[in-house]
Structure formats: structure tokens, C-alpha cells
1. From the list 85, 133, 69, which residue is outside the structural domain of residue 243 (by TED's automatic domain parsing) and farther than 25 Å from residue 338 by Cα?
2. For region 346-360, state whether one or more residues are closer than 29 Å to residue 39 by Cα, of a type outside the set (Lys, Arg) and surrounded by fewer than 16 Cβ atoms within 10 Å (Cβ to Cβ).
3. Residues 285, 291: which one is in a helix (DSSP H, G or I) and in contact (Cβ under 8 Å) with a residue 60 or more places away in the chain?
4. Within region 124-157, take every residue that is more than 9 Å from the ligand (Cβ to nearest atom) and open to solvent by 20 Å² or more (accessible area, probe 1.4 Å) and give me the one that is nearest to residue 379 (Cα to Cα).
5. Please enumerate the residues belonging to region 97-131 that are assigned to a strand (DSSP E or B) and more than 24 Å from residue 169 (Cα to Cα).
6. Among the residues of region 158-178, which ones are part of a loop (DSSP other than H, G, I, E, B) and either surrounded by fewer than 21 Cβ atoms within 10 Å (Cβ to Cβ) or touching a Pro at 6+ places or on another chain (Cβ under 7 Å) (or both)?
7. If I ask for residues that are open to solvent by 10 Å² or more (accessible area, probe 1.4 Å), among the acidic types (Asp, Glu) and within 20 Å of residue 349 (Cα to Cα), which ones from region 211-261 would you list?
8. Here are 383, 360: which of them is in contact with a Pro (Cβ under 7 Å, 6 or more places away or on another chain) and hydrophobic (A, V, I, L, M, F, W, C)?
Amino acid sequence: MNIAQADLLLEMTKRTSEKRATQNETILRQHSSDESYHSPVLPDVVVYPSSAEEISSIMSFANENKIPVVPFGAGSSLEGHCIPVKGGISINFQEMNQILEIRPDDFLVKVQPGVTRTQLNLALKKHGLFFPVDPGADATIGGMAATNASGTTSVKYGIMRDQVRNLQVVLADGQVIQTGGLAAKSSAGYHLTGMFVGSEGTLGVFTEITLKVYGIPEAVLAARCTFPSVQSAVEAASGVLGSGTGIARIELVDERSIVQVNNNSDTSYTEAPTLFLEFHGNPASVTYEASLTKELLESFGGVEWVEERDSKARAKLWEARHHLAYAFKHGYPGKSMMFTDVCLPLSELSGAIVHARETMDAIGVPGAVLGHVGDGNFHAILMYDPIRPEEREKADKVNSSIVEYALNKGGTCTGEHGIGIGKAKYLAKEHADTLSIMSGIKKQLDPNDILNPGKIIV
Ligand SMILES: Cc1cc2nc3c(=O)[nH]c(=O)nc-3n(C[C@H](O)[C@H](O)[C@H](O)COP(=O)(O)OP(=O)(O)OC[C@H]3O[C@@H](n4cnc5c(N)ncnc54)[C@H](O)[C@@H]3O)c2cc1C
């Protein structure tokens, strides 16, 4: 970096209206890592801009002086996405957390990037609307768009890329562009919105995001069902998708993970592979779909079907799935968590999950296997002791084996967490033919490599 620390702070202070820039040690540390297992690196300064104009001014300065810029949302990403590996400026969006416009008749909402998904859903509720994408953490919409996040409801409503209608983006040189519009569809030119979604802060900084939203269903029914094996559970999930019931959520938690949940909460669930499901519709339709699904699951060996309609009881039923990562964190004090995700064609999913569990057991790494099985997406949580390098090596080995298996079966090295630092080594294998095109796009939009350098394409 060609600028002294004190001058950098002065410049950033000048470029934010309320002098919102700091080199406070604690704040630098808060912006040095995310929720991943990758080593932290301190930024040189953290700024809190309040408008696209301020970000544009920051970007122009950073570009002229070749200073790295790393956007920082809630910092919940899992592959080192927001670690400023080359130092520089960390942009925090907490001053840009306004819901700018709700258009109930168009099922659209425009937000600033620092709005979180629960904040958005609270505001939408008054209009009878909701936003379905639900990564486990209370992430920001900016971060979710930048990682192309998804979650338990993607099987019905789709992923972030399906929801983003328009982005206001500040480019590396400070130029401000709009990538889309308000229309539900468009055949006009290249799909730049789709390209920026999932770009992990490496192509531009999002300053406004227009999203598709949905009517809150009149009735919701949640259920869980246990199975004799992971294979039968995944086959049953495929059967449900094939039956055309329009399932809203279908999640798998494996037997070892249910044991961990029981050990860390007041539940005493049967310790067997379990599917968690949810139906959205009206009272008659959810009742009908649930009974049809129950019958179908039983034909695949499903037992112990439990269903809930009341919102508190539903939340309790989903706790086992939602609190799994924390059940492992509490169950293994002092250990770090490597959270990996892959996605495969559905026909290959049960083989991949069995392979993951067998590899964890063979190498001796404790952890969970859980998945958004309706999408062919699953996660492995791998626990290791950070002060014992041999444990970290074992976790790395399991992670590589899970990813290689997915790639060899036509899958992807990440279904939703993204590339960040951790998955960059697999991108060349997955996209051998197109990596040079991706590099070309990066060079065109960010010739000085200042936007989140060291991520995705390294
Ligand atoms: C317990 C747990 C469970 C999780 N489960 C899921 C899951 O089910 N599905 C899933 O998809 N993810 C999951 N995640 C990962 C994480 O929550 C998502 O990746 C989320 O989308 C990150 O949002 P964030 O606001 O925390 O972004 P951050 O982590 O702050 O940033 C993520 C990336 O986005 C970039 N970025 C942030 N804001 C902007 C902006 N305004 N403009 C441009 N780039 C920006 C950053 O530079 C970084 O590269 C989970 C995480 C945890 C801890």
C-alpha cells in the first residue's frame, strides 16, 4: 500500500459524511475474520459509509492508490470471504440499513445492503409479505446477494440469484451502475445482475438491492420423519419431489447429528436419519399434501411421522435442524469448526452423503452431515482442535474427499457458501473451460485487483 496509515484514516474520514472511519484495534479485529476457520488478517481501516456517493468516492481513491477494498456485511460467511488478506479498507454497511421502498402490488422491495433478513421480514409482515431465503445466520441482504446464498426454502422459492431483480453497484473506479430493472423478466442483453450475484465483493460494491418477495402462506405445516438409513431418507426425498406436492422445505439430519442435538438440548429424538419437512398453502392444501407425503415416506421406510401447525410448535420442531452447528460447537469446547458444502445431482446425493460420513469415521473427524436435500445440497461440519495441526490436516483431508467426490459425480464444490479462500483451489477443476473467461471479466471490471483480492480467482 502506497499510503501511510494516518493519511489513509484522514482520507476515509473526509470521504464519509459523519467522519465514520476508524483504526481502533478492536474494530479492526472484528473485521479481520468471518465465521470460517481461516486465519484472520487485520484491515488497515474500517469505514462506515452512508450512501452510494460516499462509496463511489472511497472506490475512486482506493483505485487511484491501488488500495484493497473488502465489503463486510454481517461477517457470517464460511470460507474466509471477508478476510482482508492484503489489508486495506473494510467497508461496513451498518449505516446503510434502510428499507427504501416496498411495492406490495409488484411483490418487490428495494433495500440498502446492510438490511438483515430478519429486519426485512419484520417490515414485510405488515404487508402480508415475506422474503424466503434463509441462510442459517442473520446475514445482510448485501452479503447474501454477494454469496448467492440459499437455505431451507430454496427447494420451493429458489436461491438469491432467483430473487434479485436489480442491483445498484459501485464499480472499482467509482462508477455507479444499475444492472437490471423492475420487470419480472427480460431478454435484453447479457444477465449482468446474475453475474454480480455471487461475485463475493470481487466485481463491485452493492449499494441498493431490489428483491422479489412473496405472500405469506395462509397455512404452514411442519413435520419430521425418521428413516432406517440415509439412503432411504434421500430416496424418499426424491420421491417427494417427484410427486409434485410443491414441498417448501425438505432437510436431512443424519443419525450422529441427532445424537448431538439430544446431548445439547431437552429433546429425546429417535437417533436415526431424519427428514424435516414443511408445506405452505391453505389449511386444506397443507393437510392434503402432508397426508400424501406421509404415505409416500412410509413406502420408503419412514416411521414416526410427527406434524405441527402452531407456529411455536413448528419452531420447536425445526430447532434440531437450525441449532445443529451450535450443538456441535457446545459439544466440542475449544474445537474449531470447518463447515463445508457441496451440491450434486439428486441421483448422486445419497452416495455422497454416505461417502462423507464413512470418510469422517475412517479418518476420525467428529461432526455432522446435514443437507438441503431437495436441492441436492449437503453440509459437513468437521470439528478439529486448532492447536493440533494433525487434527486440522485430518479435517482438510475429509473436506477434500467430500469435494472431489462431488466434482467427480458432476456436482459443484459449493452449493451456497461460496468460494472465498477455502474453495478457490477447486475452481480450476470445476470450471477448467471457463476460468480464463472469469479472469477476463475480473480484469475488465477491476484492472488493479483492489476489490476483495485473493478471493474466488487467485
Ligand atoms: C451457522 C451458519 C449457518 C449458515 N448456513 C447457511 C446456509 O444455509 N446457506 C447459505 O447460503 N449460507 C449459510 N451460511 C453462510 C452465510 O450466512 C452466508 O454466506 C451469508 O450470505 C453471508 O452474509 P453476510 O451478511 O454475513 O456477509 P459477509 O460474510 O459479511 O460477506 C460475504 C461476502 O459478501 C461480500 N459482501 C458483503 N456485502 C457486500 C456488498 N454490499 N456488496 C458487495 N459485496 C458484499 C463480502 O465481501 C464477502 O465476500 C451460514 C453461516 C453460519 C455461521
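The values are calculated or read from the model by the stated rules, or taken from the named source; none is laboratory data. Model, not experiment: these values are computed from the prediction. Because the Cβ atoms are built from the backbone with ideal geometry, glycine has one as well, and the counts that use them run over all protein chains shown. To get the accessible areas, we keep the full protein, side chains included, count just its heavy atoms, and leave off ligands, DNA and RNA. Shrake-Rupley method; radii C 1.70, N 1.55, O 1.52, S 1.80 Å.
1. 69
2. yes
3. Testing whether each residue is in a helix (DSSP H, G or I) and in contact (Cβ under 8 Å) with a residue 60 or more places away in the chain leaves just 285.
4. From region 124-157, those more than 9 Å from the ligand (Cβ to nearest atom) are 124-132, 153, 155-157; that's our starting set.
Now drop any that are not open to solvent by 20 Å² or more (accessible area, probe 1.4 Å), which leaves 125-128, 130, 155-157.
Values: 125: 30, 126: 34, 127: 34, 128: 32, 130: 26, 155: 16, 156: 19, 157: 20 Å.
Top of the filtered list is 155.
5. Kept after step one, since they are assigned to a strand (DSSP E or B), are these residues of region 97-131: 99-103, 108-111, 116, 129-130.
Passing the criteria: 129, 130.
6. 158, 171, 173, 174, 175
7. Within region 211-261, 235, 255 meet the criteria.
8. On the way: 360 fails: in contact with a Pro (Cβ under 7 Å, 6 or more places away or on another chain).
Residue meeting the stated conditions: 383.
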